[in-house]
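Q: Below: one structure in structure tokens.
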Amino acid sequence: MQSMGNAGSSARKVQISVSRPGPVRHLEGLLLGAAFCFASALVALPAAAQSASPAQPAIASAKVPPSNAQLASPQIEEKVDRLLSRMTLEEKIGQLVQYNDTGNQAAGAKGQPNTESDSSKVVLAINPVTANHIDAMQLAATGRLGSLLNLVGQARTNQYQRLAVEKSRLHIPLMFGADVIHGFRTIYPVPLGLAASFDPAMVTQLAHMSAEEARTAGVDWFYSPMVDISRDPRWGRTIEGAGEDPFLGAAMASAYIRGYQGEDISQPGRVAACVKHFAAYGAAEAGREYNTTDMSEIRLRQVYLPPYRAAIKAGAVTIMSAFNALNGVPATANPFLLHQVLRKEWGFNGFVTSDYTAIMELLNHGIALTPAEATQKAITAGVDVDMMSHFYDSQLSGLIRSGKVPMSVVNEAVRRVLRVKFALGLFDHPYTEGPEITHAVAAHRPLVRRAAEESIVLLKNKKLADGAPLLPFSASVKHVALIGPLADDPGDMVDGSGAGNPTDTITVRQALEERAKTTGGTLVYAEGTQIDGDSTTGFAQAVRAARSADAVVLALGEAAWMSGEAGSRAYLDLPGNQEQLLQAVAATGKPIVLLVFTGRPLVLDWAAAHVPAILEAWFPGTEAGRAIADLLYGDTSPSGKLPMSFPRAVGQEPLYYNQFPTGRPPRGIDLSKPPTFTTRFFSRYIDVPNSALFPFGWGLTYSSFAFSGVTVSRAAIPLSQALTQRGTPLVFATATVTNTGSRKATDVVQCYVRNLGASVEQPVRDLEGFERVTLEPGESKQVRFPLGFRQLSFYNVHARQTMEATDYTVWIGDSSLASEAAHFNVVAPEEAKASR
Ligand code: BGC
């Protein structure tokens with residue numbers, strides 16, 4: 001069977017050459033799977049499982065205002081009406097169809113690059129149903145294409161746009177979507193790393209910067225942000241999100257939307273955002289990619305939905321339906337998610353695109369037996385645009401003719417797409433003009449360097465014999481040995497987003513060499529081993545280098561391709577023989593700083609026990625090396641905090657700080673010891689403590705901070721007030737934070753809340769506020785966190801968001817281990833009277 005296109009995620013994420021190819025999704029495999037579904041007599045799912053409605057309607061739907069005011073403009077509506085009334089069915093369906101750059105063969109053959117850097121990657125697609133070749137250019141010229149994906153570059157996007165605007169009957173412009181997820185040319189840290197900054201304002205600046213860059217290359221739609229909560233780092237796409245916490249996830253989600261879209265998406269340098277993947281894709285069972293998710297509606301609403309909700313509230317104009325099934329109903333055919341939650345409850349007035357071939361995959365899920373059925377299920381569930389399944393174009397007209405899909409459903413989907421196109425200003429300015437940004441922008445480097453610095457987390461920094469911690473390096477560290485496969489690896493620093501160029505990247509080696517030149521020190525470099533190699537031939541040189549040095553910097557971790565889409569791992573340790581290299585170097589007795597590059601939490605138990613200093617660097621982007629050098633030498637102090645728990649063993653996963661207490665919490669028991677009869681029958685393991693090796697919110701700096709005077713502004717809140725004054729703070733929690741060390745530094749002050757006595761079990765604590773605070777030595781600041789219905793409510797057994805008369809504890813500190821606490825109660829009317 002002919003390949004349908006360049007389907008593998010890493011290969012598709014535009015034009016980054018990596019030393020090792022990413023996993024390529026073979027569409028042939030998917031199609032064979034689909035064929036298998038046709039052939040095998042599938043047992044229909046029980047009706048209850050197929051019904052996408054929850055047993056209890058979650059929220060009585062009052063009239064909810066449209067989520068995006070710009071899309072609701074009457075002027076736009078009028079234009080949409082006028083255009084729609086002139087469209088044929090074929091042209092309408094065309095707006096719902098999305099392909100990648102399948103070009104036309106002739107163009108490629110003439111040596112005209114199909115994408116900016118590699119025409120050989122482009123092959124003709126084939127429609128699995130009609131067996132017709134797909135020529136995206138032809139479709140654009142005849143009004144049968146609405147948007148293109150992952151096509152980058154002014155020349156090629158304008159070429160397509162000219163066909164749509166000048167050749168097609170109604171001149172409707174195309175949208176150009178791409179996976180720009182942590183920068184376009186000037187690359188900043190991967191989203192998980194960016195979340196570690198706890199700095200949404202900076203995220204907004206970065207997102208805006210990437211939109212400005214990408215717009216010059218014809219991209220006007222970002223498949224970003226990915227806001228899926230992930231509590232299991234085996235799942236490779238953990239790298240693309242903000243980690244395990246809904247509050248942090250929601251803050252990051254809206255920060256991206258503000259940065260991409262601004263107030264008005266028609267303004268220069270703005271793009272349409274696509275929030276993904278709706279919904280709960282991050283809960284894939286066992287962390288296995290594309291796997292199913294199954295959870296209570298309470299958990300869905302309390303933990304998984306808040307970041308999507310925040311993105312929609314911030315005005316996101318598009319959203320992507322996920323690959324996974326949620327409670328038995330694939331998200332791409334799920335009216336509960338797309339109609340009830342998204343449109344009815346949240347007022348979403350943008351459009352929904354499917355994920356890549358997700359409509360076709362409904363066959364593999366086994367909930368549709370034919371392409372027609374898959375199409376019918378997807379569009380009636382609320383999926384407006386078909387990304388690459390080639391189903392809407394081949395099936396919809398037949399479904400309309402047979403009356404299986406009402407015309408009104410297609411009209412409404414087309415309206416939603418056209419609204420976004422009008423709002424983007426594409427009808428007035430369809431072409432991209434002006435200089436195209438093709439490399440990292442010098443003026444953007446300071447911002448991405450700051451982002452890298454803020455994202456890096458100092459996990460450990462032990463005092464050495466002289467009483468001072470290893471970091472920052474003291475003046476006596478003159479000769480440094482830099483060892484490891486990621487020390488001089490520009491590609492992995494910027495992989496997975498937009499169109500970053502490895503040649504623009506400053507590696508750790510380059511930055512430390514620059515510094516050695518200016519400070520008169522020396523740097524000796526040895527690769528030691530490869531990221532996933534098993535040869536030990538480089539070890540001897542690495543050990544020699546270490547012996548000759550005052551201190552060693554070891555740059556270990558994953559290759560970027562090991563995370564991201566289709567990057568699930570069953571083991572979470574350093575790949576290959578890197579830990580052996582670490583042990584060999586540690587045996588020299590030299591002080592070691594371990595730099596960990598990774599897209600997910602790893603198991604770092606040996607390192608944590610034996611290495612004095614560990615910096616979690618994620619994949620920091622274009623300015624990786626300089627940011628790391630600044631931190632090593634103390635030009636800046638680390639301020640990142642973990643957005644995900646780092647486990648002691650993979651068997652603890654899914655591991656997250658905001659877990660339920662259970663009926664047998666192992667309070668006061670030393671879980672590092674094997675159980676005895678009296679310590680056994682608790683919620684624990686017999687072979688590893690329950691706690692994370694490094695917990696959520698954890699991160700050290702070169703100074704120290706103390707917290708005191710944690711108080712709340714009132715001891716009791718009447719329940720009636722809590723339930724009626726939903727938009728205003730009910731109580732303020734305050735604390736004084738003091739820099740007790742000797743350097744200026746930044747701490748992320750975190751506010752956690754526990755709710756005891758509710759009708760539904762609540763987590764042991766939940767993050768409900770945070771603030772970055774920079775203080776001089778000896779300086780103090782009072783921080784104040786407003787706590788209102790949003791922070792204090794929970795979902796009851798009817799999956800309704802509510803508050804009850806319960807007891808609250810608030811902790812303020814600088815990690816999820818914060819211990820300074822205060823208390824207040826929410827009181828029912830009788831209790832309120834009694835306490836007067
Ligand atoms: C991924 C999406 C991505 C899309 C387009 C899919 O495989 O799941 O996150 O936006 O491809 O590249």
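Q: Which whole-angstrom value gives the distance between the alpha carbon centres of the stretch 750-764 and the stretch 130-167?
A: 52 Å
Q: Additional query: Please report, in debye to the nearest 20, how large the charge dipole of the chain is about its Cα centre when each Lys and Arg carries +1 at its beta carbon and each Asp and Glu carries -1 there.
A: 1080 debye
Q: What GluC sites (Glu not before Pro) in the stretch 243-296 are in a loop by DSSP, with at most 13 other Cβ atoms within 10 Å of the Cβ?
A: Here the sparse-neighbourhood loop sites are 263.
Q: Between the stretch 708-742 and the stretch 462-541, how far is it from one alpha carbon centroid to the other, in angstrom?
A: One Cα centre to the other: 45 Å.
Q: Sorted by mean Cβ packing within 10 Å, highest first, what order do the peptides 653-659, 213-219, 194-200 take?
A: Top to bottom by mean Cβ count within 10 Å: 194-200, 213-219, 653-659.
Q: Could the peptides 271-283, 541-553 be put in order, highest first, of the mean number of other beta-carbon atoms found within 10 Å of their residues?
A: Going by the mean number of other Cβ atoms within 10 Å, highest first, we get 271-283, 541-553.
Q: Turning to a different aspect of this structure: Tell me what the chain gives for mean residue ellipticity at 222 nm when only DSSP H runs of n ≥ 4 count, each as -39,500 (n - 2.57), the sum divided by the residue total, rounded to 500 deg cm²/dmol.
A: Roughly -7500 deg cm²/dmol at 222 nm, from the helical runs in the chain.
Q: Listed here are the pairs 478/744; 313/344; 641/744; 460/673; 63/421; 462/641; which of them are more than 20 Å apart at the Cα?
A: 478/744; 460/673; 63/421
Q: I would also like to ask the following. With a/c under 1.5 counting as rounded, go ahead and sort the stretch 276-383 into rounded, prolate or oblate using the C-alpha gyration tensor (a ≥ b ≥ c being the square roots of the eigenvalues; past the cut-off, prolate if a/b is larger than b/c, else oblate).
A: Values: a/c = 1.83, a/b = 1.21, b/c = 1.51.
Oblate, since a/c reaches 1.5 and b/c is not below a/b.
Q: Round to a whole angstrom and tell me the spacing of the C-alpha centers of the stretch 221-256 and the stretch 570-598.
A: 28 Å
Q: Using a simple spin-label model with points 7 Å from Cα along the Cα→Cβ vector, what separation in nm is obtained for residue 809 and residue 779?
A: Result: 3.3 nm between the two label points.
Q: Checking the a/c ratio against 1.5 first, then a/b against b/c, what shape does the Cα gyration tensor give for the chain?
A: Numbers: a/c = 1.71, a/b = 1.23, b/c = 1.39.
Oblate.
Q: Rounded to the nearest percent, how much of the accessible area of the chain (1.4 Å probe, protein heavy atoms only) is carbon and sulfur? Kindly include the intermediate steps, with their values, before the conclusion.
A: Working: 16130 of 30250 Å².
Solvent-exposed carbon and sulfur of the chain make up 53 percent of the total.
Q: I'd like the Kirkwood hydrodynamic radius of the stretch 323-422, using the inverse of the mean 1/r over distinct C-alpha pairs, in Å.
A: 13.4 Å
Q: With unit charges on the beta carbons (Lys and Arg positive, Asp and Glu negative) and the dipole taken about the Cα centre of the chain, which residue among 455, 577, 382 sits farthest to the positive side?
A: The listed residue farthest towards the positive side: 382.
Q: With a probe of 1.4 Å, find how much accessible area the stretch 504-635 has per residue, and write the answer as a whole number in Å².
A: Ligands and nucleic acids excluded, the result is 32 Å² per residue.
Q: Give the Cα extents of the stretch 717-760 along the principal axes, in whole Å, largest first.
A: Projected onto the principal axes, the Cα atoms of the stretch 717-760 cover 48, 23, 13 Å.
Q: Right, here's the next one. Ranked highest first by average number of other Cβ atoms within 10 Å, how do 616-628, 720-732, 759-771, 486-498 line up?
A: Most protected by this proxy first, the peptides run 616-628, 486-498, 759-771, 720-732.
Q: Could you tell me which of rounded, prolate or oblate describes the stretch 484-614, using a ≥ b ≥ c as the square roots of the eigenvalues of the alpha-carbon gyration tensor, with rounded for a/c under 1.5 and, failing that, prolate when a/b is larger than b/c and oblate otherwise?
A: In terms of gyration-tensor shape, oblate.
Q: On to the next question. Mind checking the full-extension length gain between residue 742 and residue 443? Use 0.36 nm per residue of separation minus the Cα-Cα distance, one decimal, nm.
A: Taking 0.36 nm per residue and subtracting the Cα distance, the gain is 104.4 nm.
Q: Okay, next question. Just subtract the alpha-carbon distance of residue 532 and residue 550 from 0.36 nm times their residue separation and send over the number in nm, one decimal.
A: Here the segment from residue 532 to residue 550 would lengthen by 3.7 nm.
The values are calculated or read from the model by the stated rules, or taken from the named source; none is laboratory data. From a predicted model like this one, the values you see are computed outputs, not experimental measurements. So basically every Cβ, Gly included, is an ideal-geometry build from the backbone, and we count neighbours across all protein chains shown. Ligands, DNA and RNA are stripped out before the accessible areas are found, and what is left, the full protein with its side chains, is counted by its heavy atoms. Shrake-Rupley method; radii C 1.70, N 1.55, O 1.52, S 1.80 Å.
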